[in-house]
Each structure stands twice: as structure tokens, then as C-alpha cells.
């Protein structure tokens, strides 16, 4: 009964049964492949590995995972660095219901890992890197498996949500402060929020964290600290950070032939905030329009289906509602950041109940009584009522 209750609670918190074990199995199969390559050089950009299952997540069984390792040689790193990991999500537009439908092969998944390297490396070096980063990689595998599981549980997806998600992962203006803001938008999407408990629970399990150590672990966990930073976001701080990037802002304005148009730093920052807002909106709108377009003529003459036209116009109204005052957009997102991050931090804190207690099992009571340090015997009840 206890086991059943814990499984139900974990599922409610966003950690389906079997997902952590499946992530660990993926990792073991991957490093086995890598170890077999020995001291051979990594001499290609892409390597493909088929990880045979079954990988089980609740009732969902994955037969195999096609994993692509992509190596990017760059001067931006001095050592082997994990850049990103992804689950290949395939969708199609349903003309009847005007929504996106997941079309992934549920039994055979495609995933990828992007790794940056400073120069040519050997598979032995890659193996050592994977061994050192085992916990992070297993947690990331759990993260991607949860994306896959979510697509099975909810195969229909909003075009608006997908358009926003795509914009958050592609738009940038070349300013660190704005990049951080857009990262916050991405991190707090529903798509990403759904996987946070799984990745954190994976690390809790691998590090064998018990209840007495939970707070220390959580306060130092990257996911939790990131949510804390997002919670503390403010438009005022964003403007302050942008004031430190005026030279770069001047370059951007020069590229747009607007260098002399804005005299004060405040005006320049206002312009950058507006540019951020319209670029996000433009990318969202283009993606939304592209998804709805099912015939070449629609790209020229407009949508032939009136329902599409209404959907598109409603979405454009939504993403352009702050056109007259972009400041309201950033204040709106500030409130949303606080709501989403606060809710997620509370959810992560509930993982405490899923951890093992540090109970003692006393085998020799007599010896335990003799060696255990006791508090002094008291003669007065401190709880006695007068």
C-alpha cells in the first residue's frame, strides 16, 4: 500500500513510474557504446547510436531510442562541454480540428546530444567526460523522456503555445540582459515546466539524498536556483542591466540606421525593449501563419478557411496587444514569472515526502543504551499547568 501511494504521489508531482530507471538504463547503454570505441578519434560531426529497450514509463513502453551525438568544434570552450539535449518532436496540422497532433513513432524515439569540443578528442576522453557528468546526463535523459511521455499523454497541442515556444528558442538581439529575459520566457513555458520535477527527482535519487539533507540539496540545485532568479526578475533590474550594455546597444541602433535618433540612454533602452517585443511577436506570428498554411496559394491570397483567418487574427491581437506600450508586456511577464516560478518551487519542495527517512535500525538494544549520550534527567515538568 505504501509503495502504491508513493507511485501515485510521484505521478501527481510529475514523476511517472519507471522514468528514472529508464534514464539510467539509457546512460549505461550509451557509455557502453562509447567505451567500445577506445582511443579512436572523434573524426565526424555526427554519430548515431541505437539504444535498445524496452524503456518503460508507466504503461508506455519505448522499444528503442535513436540517439544522435553532434560534436561542434569551437574556440568558445577549453574542455568538452555539454551544450544541449533534445527530444525530436514531430507534429502535423489537423485541418479539421485546427490543432497540432503529435505524430512521433511512440515506440522508437529520436533524441540528440550536442557537445562542444575545443579540438579533436578521442572516444576515451569522451567516455571520461560522460562518467564525470553521469548525474547531469541521466537527469537530462529523464527530462527528455518526460517530454516524450507528455506527448503521449497529451497528443494535441495549441498552435499558439508551439509558436511562442519556437520564438523563445530562436529570437535574440545580441544583448546578455535580453537573452536572459528570453531564457526566462522559455524556462517558464508549460512545455518545460512539466519536466522540472522529473529532472530534480532524478538527481535526488542518484545522489541518495535523504530527508535531513533535502533543504541543502534543493537550495543548491540548479533548477531551483534558476527558478529563484526568475522569481526575482524585475523590469527595473532589466533596465539597469541594459544600462551596462550601451556600447552594444549603440551598435545595434547603428545597424538599424537609428544611431542618432535616440539621445539619452533611457530612450535607447526603451527602443531595445520595443525591438525585443516586436521581434518575439513577429517570430510567433510567422510560425503561427506557417503552421496554418496548408496550400501555397494561402501564403499569397490569404487563408481559404474562414476559421483559420479568425484563429490567425485572434492570435495576432493577442501578441500585439502591448504595441502601444511595450513596458506593459515586460511588467505582465514579470508577474507571470513570479506566479509560475513560485508554483514550481512549491511543487519541487513536495518531493521531500518521496525521500527515504534516515531511520535507525537498532540491532543491540543493551549496547545502544550504554553508548548513546543522554540528556540530563530533569525533575520539573516545563509543561506543567499552574
Just to be sure, is residue 284 surrounded by 11 or more Cβ atoms within 10 Å (Cβ to Cβ) and out of contact with any helix residue (DSSP H, G or I) (no Cβ under 9 Å at 6 or more places or on another chain)? no
Residue under question is residue 212, and the condition is that it be in the same structural domain as residue 269 (by TED's automatic domain parsing), free of Cβ contacts under 8 Å to residues at least 60 places away in the same chain and more than 28 Å from residue 291 (Cα to Cα); does it hold? no
Condition check: surrounded by 14 or more Cβ atoms within 10 Å (Cβ to Cβ), out of contact with any strand residue (DSSP E or B) (no Cβ under 6 Å at 6 or more places or on another chain) and within 30 Å of residue 17 (Cα to Cα). Does residue 178 satisfy that? no
Tell me the strands (runs of 3 or more DSSP E) entirely within segment 72-117 that contain at least 3 residues that are over 18 Å from the mean Cα position of the chain (by Cα) and surrounded by 15 or more Cβ atoms within 10 Å (Cβ to Cβ). 99-102, 108-117
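Looking at 340, 291, which is the one that is in contact with a strand residue (DSSP E or B) (Cβ under 9 Å, 6 or more places away or on another chain) and assigned to a helix (DSSP H, G or I)? Lay out the reasoning, then the answer.
Numbers: 340 fails: in contact with a strand residue (DSSP E or B) (Cβ under 9 Å, 6 or more places away or on another chain).
Result: 291 is the single residue among 340, 291 that is in contact with a strand residue (DSSP E or B) (Cβ under 9 Å, 6 or more places away or on another chain) and assigned to a helix (DSSP H, G or I).
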Within segment 253-280, restricting attention to residues that are buried (at least 19 other Cβ atoms within 10 Å of the Cβ) and in contact (Cβ under 8 Å) with a residue 60 or more places away in the chain, which residue is nearest to the chain's Cα centre (by Cα)? 280
Yes or no: residue 171 within 26 Å of residue 26 (Cβ to Cβ) and either modelled with pLDDT of 95 or more or not in a helix (DSSP H, G or I) (or both)? no
Can we say residue 162 is in contact (Cβ under 8 Å) with a residue 12 or more places away in the chain, in contact with a strand residue (DSSP E or B) (Cβ under 9 Å, 6 or more places away or on another chain) and either over 22 Å from residue 29 (Cα atoms) or outside any loop (DSSP other than H, G, I, E, B) (or both)? yes
Which condition from (1) touching a helix residue (DSSP H, G or I) at 6+ places or on another chain (Cβ under 9 Å); (2) surrounded by 13 or more Cβ atoms within 10 Å (Cβ to Cβ); (3) at pLDDT below 90 is the one that residue 38 breaks? (2)
If only one of 329, 303, 322 is closer than 26 Å to residue 157 by Cβ, surrounded by 12 or more Cβ atoms within 10 Å (Cβ to Cβ) and either at pLDDT below 90 or outside the structural domain of residue 198 (by TED's automatic domain parsing) (or both), which one is it? 303
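The values are calculated or read from the model by the stated rules, or taken from the named source; none is laboratory data. These figures come from a predicted structure and were not determined experimentally. Don't worry about glycine lacking a Cβ; one is built from the backbone with ideal geometry, like all the others, and counts go over all protein chains shown.
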